[in-house]
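FYI, it's all coordinate maths here, none of it is from the lab. What you see is a predicted model, and the numbers here were worked out from it, not measured in a lab. Reconstructed Cβ throughout: ideal geometry from the backbone, glycine too, with neighbour counts over all protein chains shown.
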Amino acid sequence: MPATGSLEAIRARSGWVLVLAIVQIVVGVLAIGSPYVATLASAVVLGWLLLFSGVVHVVESFQVRAWSGFLLHLLGAILYVVAGLLVITRPMAGALTLTLILAAFLLVEGVSRMILAFQVRDHVPGWPMMLLGGLLGGLLGLLIWMQWPSSAIWAIGLMLGVNLLFSGTTLLMLALAARQTASA
């Protein structure tokens, strides 16, 4: 019954959920079609977020000047501002760095998931899927790392596009299911 209640909540706003789903699907397809542009756009957005966050932290630092950690807090805030400005003014360099971090994350997370799958194989019936997920994630990380720096051109934008496409498709299915339960 909880699923029906959730669908009712979605049904009340199904028009907006459908619009969001379609926007996510379209943006996802565009990102997959042009991963370089999506990668650069992601880097620039991250740069602006870092810059904004850094400025807020600088202002906040001066609000707590009496705090013993003021200087370290201010230095951290300045680092945010500098990092944000660097990524905004040099988005490809930011994308290179982000891609390398993404590759390392996927590789480590994939290996960790494979180890966990073997550790729980006697207790979790779905452990082969966990193992497969870890293997695929680790291989993707290794692929990105081995092709770095050229992978910076496609990796982040492509992964963002795939994520948006699946997220939009999921929202679309939820909205349509919610509308069907209303008419049933």
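Structure above, values below:
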{"quantity": "Backbone HN-Hα couplings from phi across the range 113-130 [Karplus 6.51/-1.76/1.60, Hz, Gly and Pro as x]", "calculated": "5, 5, 4, 4, 4, 5, 5, 9, 4, 7, 10, 10, x, x, 4, x, 5, 4"}
{"quantity": "Contact order normalised by residue count of the chain, Cα under 8 Å, 6+ apart, percent", "calculated": "41 percent"}
{"quantity": "Computed helical MRE - 222 nm, the chain, DSSP H runs ≥ 4 contributing -39500 (n - 2.57), nearest 500", "calculated": "-30500 deg cm²/dmol"}
{"quantity": "Dipole moment magnitude, nearest 20 debye, the chain about Cα centre, only Lys, Arg, Asp, Glu C-beta charged", "calculated": "180 debye"}
{"quantity": "Gain in span if fully extended, Met173 to Trp16, counting 0.36 nm per residue against the direct Cα distance", "calculated": "55.2 nm"}
{"quantity": "Zero-based 5 Å bins, Cα pair distances in the range 12-183, whole percents", "calculated": "2, 9, 11, 11, 12, 13, 14, 13, 9, 5, 2, 0, 0"}
